[in-house]
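K.L.:
Mind looking over this structure? Questions follow.
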Amino acid sequence: MTKKLIRRNEVERVTGLKRSSIYLKIKEGDFPKPIKLGMRAVAWLEADVMQWIESKVTESRGA
């Protein structure tokens, strides 16, 4: 299984959320935590972000 890391700009693009909303949701426990890559660089596992999107779709459709 390959694991792909995506940077914040890609997370913003696929979720429609902006930086402040992403970090607020992380703080609230409602978004996957990023993986620290360096002093000032983070990324997310693409699978975690896609799973979060799927959960929001399911939640909004009442399934």
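FYI, it's all coordinate maths here, none of it is from the lab. It should be emphasised that the depicted structure is a prediction, and the values quoted were computed from it without experimental measurement. Glycine gets a Cβ as well: all are built from the backbone with ideal geometry, and neighbour counts include every protein chain shown.
K.L.:
Looking at segment 3-59 only, could you name the residues that are among the aromatic types (Phe, Trp, Tyr) and over 9 Å from the mean Cα position of the chain (by Cα)?
P.N.:
Listed by number, the list holds a single entry, Tyr23.
K.L.:
Within segment 34-55, how many residues are surrounded by 13 or more Cβ atoms within 10 Å (Cβ to Cβ) and either among the basic types (Lys, Arg) or outside any helix (DSSP H, G or I) (or both)?
P.N.:
Matching residues across segment 34-55 total 6.
K.L.:
Follow-up question, since we're still on this one. Can you tell me how many residues within segment 1-33 are assigned to a loop (DSSP other than H, G, I, E, B), closer than 15 Å to Lys56 by Cα and among the hydrophobic types (A, V, I, L, M, F, W, C)?
P.N.:
Residues meeting the conditions: 2.
K.L.:
Could you list, in sequence order, all residues of segment 5-32 that are surrounded by fewer than 12 Cβ atoms within 10 Å (Cβ to Cβ) and among the basic types (Lys, Arg)? Step through it out loud before you land on a result.
P.N.:
Of the residues in segment 5-32, the ones surrounded by fewer than 12 Cβ atoms within 10 Å (Cβ to Cβ) are 9, 13, 16, 18-20, 27-30.
Correct list: Arg13, Lys18, Arg19, Lys27.
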